[in-house]
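Step one of this worksheet: look at the structure below.
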Amino acid sequence: MSLKLNYSMSLANSYGLTKTQKIASAVGILGLFILVLALFNVQFPNKAITLTIALSLMFVGAIWFSNSLYLDKSKGIKNDGIWFKSLSARGLIGWLIGVVLTLFYIVLYFYPEYLGLAQKGEENTGLVALFDPLSQLLSGRNASQWFVYGTLYTVAILVFGYKFILKYRHNRYEQIRTISVMFFQLAFAFLIPEFMYVMNSDLPYYDLKNIWPLNYYNFESYRIKAFISAGNIGLAMLIFGIVSIFVITPILTYKYGKRWYCSWVCGCGGLAETAGDSFRQLSDKSQFAWKVERWVIHSVLVFVVLMTTAVIHSYLGNDTSKYWLTKSSFLIFVASFLTIIFAGTMIFKRNELAKDAKYGAIGYFVIIMELFALHYFGKDNSLFLFKSESLRKSYGFLIGSIFSGVIGTGFYPIFGSRVWCRFGCPMAAILGFQQRLFSKFRITTNGGQCISCGNCSTYCEMGIDVRAYAQKGENIVRSSCVGCGICSAVCPRGVLKLENDSMKGRINPNEILLGNDVDLMDLINNK
């Protein structure tokens with residue numbers, strides 16, 4: 001820790017970079033500049049060495065910068081001057097980065113040839129060609145635009161994850177979960193799929209931590225055939241995908257809430273927590289944003305359920321001698337499963353849902369009506385008036401590309417780091433539904449200690465007004481909460497605590513510890 005005294009009393013001028021931090025930034029930018037040169041088809045004599053130098057400079061620059069930024073300071077909350085910086089306060093730098101990221105995603109999804117992706121059997125050029133040696137090393141094939149993206153995505157989580165760990169080194173929970181997302185991204189999303197291709201090239205790409213409905217494409221006909229033709233390992237992966245949906249996910253969410261996935265495993269959440277940490281305070285906390293969030297995210301969930309049902313329905317048949325699962329029996333299963341969930345929720349959990357019940361009812365009604373339309377009016381490959389393939393492509397374009405990539409990540413510096421998780425992720429919607437109604441997880445509050453500083457609400461990337469709950473001493477049980485724990489980490493009074501406990505008394509909206517209308521001893525004895 002530095003013993004140098006800072007005699008400046010200025011709030012506005014004390015947040016610039018030191019000389020060391022400027023040099024470290026220059027080192028990291030130099031590595032990024034090499035990638036930009038490759039993007040513009042600058043020829044390097046040895047691509048393997050050039051790529052190694054570029055990535056090494058980015059790692060060294062980020063680690064050096066992080067060490068200088070945090071290790072010279074004592075442990076504790078480190079958000080000084082966040083609203084004075086152009087990067088983190090929607091200033092010019094923030095807007096420029098947002099524009100660059102958005103353009104990158106547009107090129108990545110729709111114009112990969114500008115990144116150097118080979119066309120019609122030609123050799124890769126530009127940025128994609130620079131990553132060919134790494135791709136050859138891992139899987140024995142040339143790079144694609146998705147390999148380039150996966151590499152840069154993993155690098156971002158690793159380098160910014162290191163920075164995040166130093167920033168929150170006063171909080172063990174934040175350190176452990178950050179190491180977790182770094183591990184799952186590096187191993188499960190990046191390395192294992194490449195090694196699996198080496199072992200069996202017939203296997204389709206499979207990020208083992210992606211679960212339906214995130215991998216909405218997993219049950220398409222070509223993937224099912226590829227899994228089955230790949231032998232036992234392919235069949236095991238297909239079964240694992242189904243078990244993940246109906247067994248693993250419900251059990252873990254019941255025990256730990258949606259945080260086990262959204263804040264400990266998911267790559268989207270991992271990038272938002274690490275690379276997006278500087279922008280978490282930009283999330284909209286207004287009630288209007290909350291209303292939009294509930295309608296949009298559940299509409300996406302309805303869309304993906306319909307689309308997946310239509311895709312599976314399209315390659316089933318009606319001949320019971322050829323298909324053990326026919327079109328009619330599949331639709332009956334889906335409709336029955338949704339009916340059981342809806343009926344159970346409305347009978348046993350209606351009070352917990354309150355006004356949100358109508359949103360669930362509307363979503364359920366739409367799905368069931370579409371299923372009946374599919375059964376009675378659909379052709380072999382159509383859902384009423386729409387072909388199943390058209391639905392899949394529309395979902396892939398609007399949700400998978402535009403929402404999750406262009407807007408969800410490209411707009412980090414403008415709308416905050418969890419735009420996709422909050423408004424568009426169907427996985428978050430499913431886990432949030434269970435977290436609200438069938439989970440032991442909650443964030444407890446000690447209202448008597450709250451000083452209403454507002455740190456918790458400011459740094460909630462999901463737009464939850466945490467302070468409003470803390471002031472009332474009310475447990476925070478929100479569908480949107482990803483359990484990142486930042487609200488607790490930035491609280492100077494220890495008001496907030498992440499807990500897994502009995503479901504009894506978990507949702508306590510009327511237990512406001514203000515006035516004389518609460519029997520404190522009875523309240524304590526019932527907790």
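So for segment 293-301 (the condition being aromatic (Phe, Trp, Tyr), surrounded by fewer than 16 Cβ atoms within 10 Å (Cβ to Cβ), under 26 Å from SER401 (Cβ atoms) and in contact (Cβ under 8 Å) with a residue 40 or more places away in the chain), does at least one residue qualify? The answer is yes; a qualifying residue exists. Residues in segment 144-178 that are aliphatic (A, V, I, L, M), touching a residue at least 60 places away in the same chain (Cβ under 8 Å) and under 30 Å from ARG493 (Cβ atoms): LEU166 alone. Restricting segment 199-223 to residues that are part of a helix (DSSP H, G or I) and in contact (Cβ under 8 Å) with a residue 60 or more places away in the chain, the residue that is farthest from the chain's Cα centre (by Cα) is SER221. A single member of LEU338, LEU316, LEU306 is modelled with pLDDT of 75 or more, more than 29 Å from the chain's Cα centre (by Cα) and of a type in the set (A, V, I, L, M), and it is LEU316. Checking the stated criteria, SER86 turns out to be at pLDDT 85 or above, in a loop (DSSP other than H, G, I, E, B) and not aromatic (Phe, Trp, Tyr).
Conditions (1) touching a strand residue (DSSP E or B) at 6+ places or on another chain (Cβ under 8 Å); (2) over 15 Å from SER417 (Cα atoms); (3) β-branched (Val, Ile, Thr), marked per residue:
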residue	(1), (2), (3)
GLU273	no, no, no
SER278	no, no, no
SER283	no, no, no
GLN287	no, yes, no
THR320	no, yes, yes
LEU331	no, yes, no
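Of all the criteria given as (1) in contact (Cβ under 8 Å) with a residue 24 or more places away in the chain; (2) part of a helix (DSSP H, G or I); (3) open to solvent by 20 Å² or more (accessible area, probe 1.4 Å), the one not satisfied by ARG141 is (2).
Looking across segment 147-169, the residues that are open to solvent by 30 Å² or more (accessible area, probe 1.4 Å), in contact with a Ser or Thr (Cβ under 6 Å, 6 or more places away or on another chain) and hydrophobic (A, V, I, L, M, F, W, C) come down to PHE160, ILE165.
Looking for whichever is modelled with pLDDT under 90 and over 20 Å from GLY269 (Cα atoms) here; the options are ASN455, ASN508. Which one fits? Criteria check complete, one pass: ASN508.
This table checks each residue for (1) without any contact (Cβ under 8 Å) to a residue 40 or more places away in the chain; (2) surrounded by fewer than 18 Cβ atoms within 10 Å (Cβ to Cβ).
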position	(1), (2)
GLY234	yes, no
PHE246	yes, yes
THR249	no, no
TYR254	no, yes
CYS266	no, no
ALA289	no, yes
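Looking only at segment 485-505, residues that are closer than 19 Å to ARG436 by Cβ, open to solvent by less than 20 Å² (accessible area, probe 1.4 Å) and assigned to a loop (DSSP other than H, G, I, E, B) come to 1 in all.
The values are calculated or read from the model by the stated rules, or taken from the named source; none is laboratory data. Computed from a prediction, not measured in an experiment: that's the story for all the values here. When we count neighbours, we look across all protein chains shown, and the Cβ atoms used for this are built from the backbone with ideal geometry, even at glycine. Heads up: the accessible areas ignore ligands, DNA and RNA and are worked out on the full protein's heavy atoms, side chains in. Shrake-Rupley method; radii C 1.70, N 1.55, O 1.52, S 1.80 Å.
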